[in-house]
Amino acid sequence: MLLKRILKKKSERIKDHGDFVVTIHRCKRCNYLYVDEEQKIPFEEVGDEWKCPKCRSSKKIFVEKEIPQKN
Ligand SMILES: [Zn+2]
């Protein structure tokens, strides 16, 4: 099990049965996906001035989604 990798990111929460979720944020305008795991900083920690790299929308229009990962 990739426990080290899971503990590194607070966005990945271990569930009771050992599964965990990866948090992504999707731009409602262009469907750009911000995957916390692939970025240097989690979405919640990027500044308010952050803009969607694709359509320049503000981070306010992004919606959070949790994707369960199977071991
Ligand atoms: Zn966008």
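Summed over region 52-71, residues that are loosely packed, with under 14 Cβ neighbours inside 10 Å, in a loop (DSSP other than H, G, I, E, B) and modelled with pLDDT of 95 or more total 4. Would region 33-51 turn up any residue that is out of contact with any strand residue (DSSP E or B) (no Cβ under 7 Å at 6 or more places or on another chain), part of a loop (DSSP other than H, G, I, E, B) and within 9 Å of the ligand (Cβ to nearest atom)? Checked against the condition, which is being out of contact with any strand residue (DSSP E or B) (no Cβ under 7 Å at 6 or more places or on another chain), part of a loop (DSSP other than H, G, I, E, B) and within 9 Å of the ligand (Cβ to nearest atom), region 33-51 yields no hits at all. Has region 28-38 got any residue that is modelled with pLDDT of 85 or more and more than 15 Å from the chain's Cα centre (by Cα)? Yes, some residue in region 28-38 is modelled with pLDDT of 85 or more and more than 15 Å from the chain's Cα centre (by Cα).
Name the single residue that is nearest to the chain's Cα centre (by Cα) among those in region 16-27 being more than 16 Å from the ligand (Cβ to nearest atom) and part of a strand (DSSP E or B).
Applying the first criterion (more than 16 Å from the ligand (Cβ to nearest atom)) to region 16-27 yields 16-23.
Narrowing further to those that are part of a strand (DSSP E or B): 20-23.
Details: Phe20: 13, Val21: 10, Val22: 6, Thr23: 4 Å.
This residue is Thr23.
Annotation note: Cβ proximity below 8 Å between a residue of region 52-66 that is in contact (Cβ under 8 Å) with a residue 40 or more places away in the chain and a residue that is near the ligand (Cβ under 10 Å from one of its atoms) (sequence gap 6+ or interchain) occurs for Lys65/Arg26. You will find that of Asp48, Asp16, the residue that is loosely packed, with under 11 Cβ neighbours inside 10 Å and either modelled with pLDDT under 85 or in contact with a Pro (Cβ under 6 Å, 6 or more places away or on another chain) (or both) is Asp16 and no other.
The values are calculated or read from the model by the stated rules, or taken from the named source; none is laboratory data. Note that this is a predicted model, so its numbers are computed, not measured. Cβ atoms come from the backbone with ideal geometry, glycine included; neighbour counts cover every protein chain shown.
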